[in-house]
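The values are calculated or read from the model by the stated rules, or taken from the named source; none is laboratory data. Worth saying up front: this structure is predicted, and the values here are computed from it rather than measured. Reconstructed Cβ throughout: ideal geometry from the backbone, glycine too, with neighbour counts over all protein chains shown. Heads up: the accessible areas ignore ligands, DNA and RNA and are worked out on the full protein's heavy atoms, side chains in. Shrake-Rupley method; radii C 1.70, N 1.55, O 1.52, S 1.80 Å.
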Amino acid sequence: METGLLHLHNIMRWVILLLLVIAIVKSFAGMSASKPFTNGDKRIGLFLMISAHITLLVGLYQWLAGRYGILTTSLPPGTSLMKDAFYRFYWVEHPLGMIIAVALITLGRGQSKKNILDVVKHKRSFWFYLIALIVILGTVPWPFRGDVIGRPWFPGVH
Ligand code: HEM
């Protein structure tokens, strides 16, 4: 199960990134051309939020009870959390960055339910999603982040 969840967590990053890029392009087009906020826009936001929340839940499980979970592992003797690149990333930077990103996605999606002009919905969701994208790109353990933090592009590929 552990491996399955890790693979799910890995692959969901691509689903989130794809939906985020679509949502950003659509909301940018919507705000620049004053287009109506359609059911299609609503649906993308909803799928994006669901994908982000699934990944968040799996991440929370891994963070607490996974193979490097804070409840199941202890820091190697003599190590201090913020001085150890691995634990600082997986216990602090990655979870914090991603929780902020999921909150931004949720706020972006929430705009569709507000009683505001369509152009304002597009504009606000554009900014929430764009900042979420930047935070995610900055806190994913990309393979080029080095041997300590870096993880594969796709599940199980090394
Ligand atoms: C929602 C956005 C998130 C994305 C896109 C994301 C992405 C990733 C990716 C790509 C990996 C590497 C997977 C692999 O090794 O194959 C990873 C690992 C990990 N993530 Fe996330 N993550 C997210 C949210 C979270 C959150 C909110 C937490 C914790 C609260 C979290 C905790 C972890 C942990 C602990 C690992 C390492 C697991 C292990 O090696 O056993 N993630 N994440």
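Numbers at a glance
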{"quantity": "Hey, residue 130 touching a helix residue (DSSP H, G or I) at 6+ places or on another chain (Cβ under 7 Å) and either open to solvent by 50 Å² or more (accessible area, probe 1.4 Å) or under 17 Å from residue 6 (Cβ atoms) (or both) or not", "calculated": "no"}
{"quantity": "Single residue of the stretch 46-77 satisfying the filter (aliphatic (A, V, I, L, M), open to solvent by less than 30 Å² (accessible area, probe 1.4 Å) and more than 6 Å from the ligand (Cβ to nearest atom)) that is nearest to the chain's Cα centre (by Cα)", "calculated": "48"}
{"quantity": "Only one of 99, 105 that is surrounded by fewer than 17 Cβ atoms within 10 Å (Cβ to Cβ) and under 30 Å from residue 41 (Cβ atoms)", "calculated": "99"}
{"quantity": "Those residues of the stretch 1-31 which are farther than 19 Å from residue 62 by Cα, over 18 Å from the mean Cα position of the chain (by Cα) and open to solvent by 70 Å² or more (accessible area, probe 1.4 Å), in sequence order", "calculated": "26, 28"}
{"quantity": "Candidates 50, 149, 70, 116, filtered to the one that is without any contact (Cβ under 8 Å) to a residue 12 or more places away in the chain, in a loop (DSSP other than H, G, I, E, B) and either at positive phi or not small (Gly, Ala, Ser) (or both)", "calculated": "116"}
